[in-house]
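Shown next, in structure tokens, is the structure this report addresses.
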Amino acid sequence: MMNSAPETPDTPASPHHTNKIFAYFMLFFLVVAFLFGFVLVEPFMHTIILSAVLAIMFSPVNARLFTQLGERGNLAAGLTSLLIVVLILLPTAFLVWGLITEGMHSMLTIRAWADRNDFGEILRSERFVPILTWLRDNLPFLNLDEAALHAKLLTFTQRFTQSVLDASATLVGNMAKLLLRFFLMIFMIFYFLREGRGIVHKIKYLAPLRTHQEDFIIESLQRVSRAVLLGSLLIAVLQGLVGALGLWLVGIPPLFWGVMMGLAALIPVIGTGLIWLPAAAYLYFFGEWNMAVFFLFFNVIIVTNIDTILRPMLMRRAAQVSPFYIFLAILGGIHAFGALGIIYGPLILTFLMVMIKIYSEEYKEVLSSRSAYHDYGNEP
């Protein structure tokens, strides 16, 4: 009897091939999980980011309380959260409400003033004639017709008033949602303060980067959150408050225009001058010239020097971030995200700069060799 040939077993898949299939499936399910997770948190994304930024800003306070209270994390995080509510969240809520109401009143006042005054007579006054003559002679492309100026002023006030009305209606209509997000933000701030170290440790464990690269990213974002954002916003708040005092002294509504001055303080070079220069011109042309001179010197000597003196002190840890780039980041952030772009813009810019630095260090040898090839490749 002839023996049959032994059956050969199926060739098993190589371990490398199996590992690749497993990695692809793991990556696929991980991406799906992240997508579903993003769907869950997307309605609260702004609240989460703002809470994290505030927690980072006040983390030194929380750490000090944690030590002084015998390492009781819940109590330290609770007191720090209460401090954030009292110092930032509640004043911001009242400020926004007052800004809307005062802005409406200011625009209605300007419109009523424009309706009851004869623009032609005003422009023919002795204070306006020399300036208008100079402008017509040196800047002939400007349309300085009396009727056109009057129409532009009415159109501006009408559009601005309508915008404030729409914002007020939206704010009142979404009051329940705003209250929910307010309490949610307080809870998130408390959680981030209490569990911040654990969250950072988990992110560093999951990130496929080197330890010094992870530390560099985290340290850079913390530096921007505390120095650039806190420094810029604090300077803007101080300039707005002092500017509001000067406005009140000369009889201009301080709340609305003081807030506008604070927002203008975020703009490099001209800054608060965007508000107080037209206000001084208004006082000169339509008020008393001595009040205009006082208001001008008040802003030049006091308000402007707040930025000159305090910015180097508050932002010395972020000196490597150019104010010009921060300005561009704020403008781009406002265009993309609205008012929250004031915070998002600098953070995104910092993350971009950090990743470029990490890339340049990681591939330094390749980049250097390519640079050397381009520099000397054509030499004999």
message: Of all residues being free of Cβ contacts under 8 Å to residues at least 60 places away in the same chain and within 27 Å of the chain's Cα centre (by Cα) in region 208-235, which is least open to solvent (accessible area, probe 1.4 Å)? Just the residue, please.
response: Glu214
- prompt: What pairs can you find where one residue is in region 339-353 and touching a residue at least 40 places away in the same chain (Cβ under 8 Å), the other is open to solvent by 30 Å² or more (accessible area, probe 1.4 Å) and small (Gly, Ala, Ser), and their Cβ atoms are less than 8 Å apart, with a gap of 6+ or different chains?
  reply: Tyr344/Ala336
field: Residues satisfying the stated conditions in region 249-295, i.e. open to solvent by less than 20 Å² (accessible area, probe 1.4 Å) and among the polar types (S, T, N, Q)
entry: Thr272
message: Please determine whether any residue of region 86-99 is loosely packed, with under 15 Cβ neighbours inside 10 Å, at pLDDT 85 or above and in a helix (DSSP H, G or I).
response: yes
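Rundown of residues vs (1) at pLDDT below 80; (2) part of a helix (DSSP H, G or I); (3) within 30 Å of Gly246 (Cα to Cα); (4) open to solvent by 90 Å² or more (accessible area, probe 1.4 Å), yes/no style:
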residue: Gln320; (1), (2), (3), (4): yes, no, no, yes
residue: Phe324; (1), (2), (3), (4): yes, yes, yes, yes
residue: Ala339; (1), (2), (3), (4): yes, yes, yes, no
residue: Ile358; (1), (2), (3), (4): no, yes, no, no
message: Pairs needed: first member in region 275-291, touching a residue at least 60 places away in the same chain (Cβ under 8 Å); second member anywhere, open to solvent by less than 60 Å² (accessible area, probe 1.4 Å); C-beta distance under 6 Å; at least 6 residues apart or different chains.
response: Tyr284/Ala292
- prompt: Can you tell which of Met185, Met175 is of a type in the set (A, V, I, L, M), in contact (Cβ under 8 Å) with a residue 12 or more places away in the chain and either over 30 Å from Leu274 (Cβ atoms) or in contact with a strand residue (DSSP E or B) (Cβ under 7 Å, 6 or more places away or on another chain) (or both)?
  reply: Met185
query: Is one or more of the residues making up region 2-19 at pLDDT 85 or above, of a type in the set (Val, Ile, Thr) and either more than 23 Å from the chain's Cα centre (by Cα) or not in a loop (DSSP other than H, G, I, E, B) (or both)?
result: no
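The values are calculated or read from the model by the stated rules, or taken from the named source; none is laboratory data. Predicted model only: the values in this text are computed from it and were never measured. In this analysis, Cβ positions are derived from the backbone assuming ideal geometry, glycine residues included, and neighbour counts consider all displayed protein chains. Note: accessible area is taken over every heavy atom of the protein model, side chains too, but ligands, DNA and RNA are not part of it. Shrake-Rupley method; radii C 1.70, N 1.55, O 1.52, S 1.80 Å.
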